[in-house]
1. Can you report the number of residues in region 19-39 which are at pLDDT below 90 and aliphatic (A, V, I, L, M)?
2. Answer yes or no: is there a residue in region 50-61 that is over 16 Å from P5 (Cα atoms), part of a helix (DSSP H, G or I), at pLDDT 90 or above and touching a helix residue (DSSP H, G or I) at 6+ places or on another chain (Cβ under 9 Å).
3. Report, by residue number, each residue of region 47-86 that is surrounded by 19 or more Cβ atoms within 10 Å (Cβ to Cβ) and under 23 Å from K27 (Cα atoms).
4. Select from region 22-46 the residues that are among the hydroxyl-bearing types (S, T, Y) and either surrounded by 11 or more Cβ atoms within 10 Å (Cβ to Cβ) or within 13 Å of the chain's Cα centre (by Cα) (or both) and list them in ascending order.
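The values are calculated or read from the model by the stated rules, or taken from the named source; none is laboratory data. The shown structure was predicted, so the numbers you read here are calculated from the model rather than taken from an experiment. Note: ideal-geometry Cβ built from the backbone for every residue, glycine included; neighbour counts use all protein chains shown.
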Amino acid sequence: MQFQPATKTGHWAIGLEIAFLLLMAGKFSQIGLPLPSFGIFGLGIAGFVVAIISLVRKDRAITVWLALVVGLLPFLWTVAELIWPH
């Protein structure tokens, strides 16, 4: 199993999830960047979808699996909000 992805979709998945993590950290830090949460969550969900596509294309890199796990959080959060709104 490789550490770095072999496909461009794997690299995109990692980049989108890193952007998601950095923007979420910036939003909830002491600085409090004024960014819309739905846009940041869109990056996370897009990274999740791209990671699934990369895994279907047989890119089994460790970092792609990590991107899938990180992207699962905003995906499950969105699904839970749709099922159980408050």
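1. Qualifying residue count, region 19-39: 3.
2. No, every residue in region 50-61 fails to be over 16 Å from P5 (Cα atoms), part of a helix (DSSP H, G or I), at pLDDT 90 or above and touching a helix residue (DSSP H, G or I) at 6+ places or on another chain (Cβ under 9 Å).
3. Result: G47, F48, A67, L68, V70, G71, P74.
4. Result: S37, single match.
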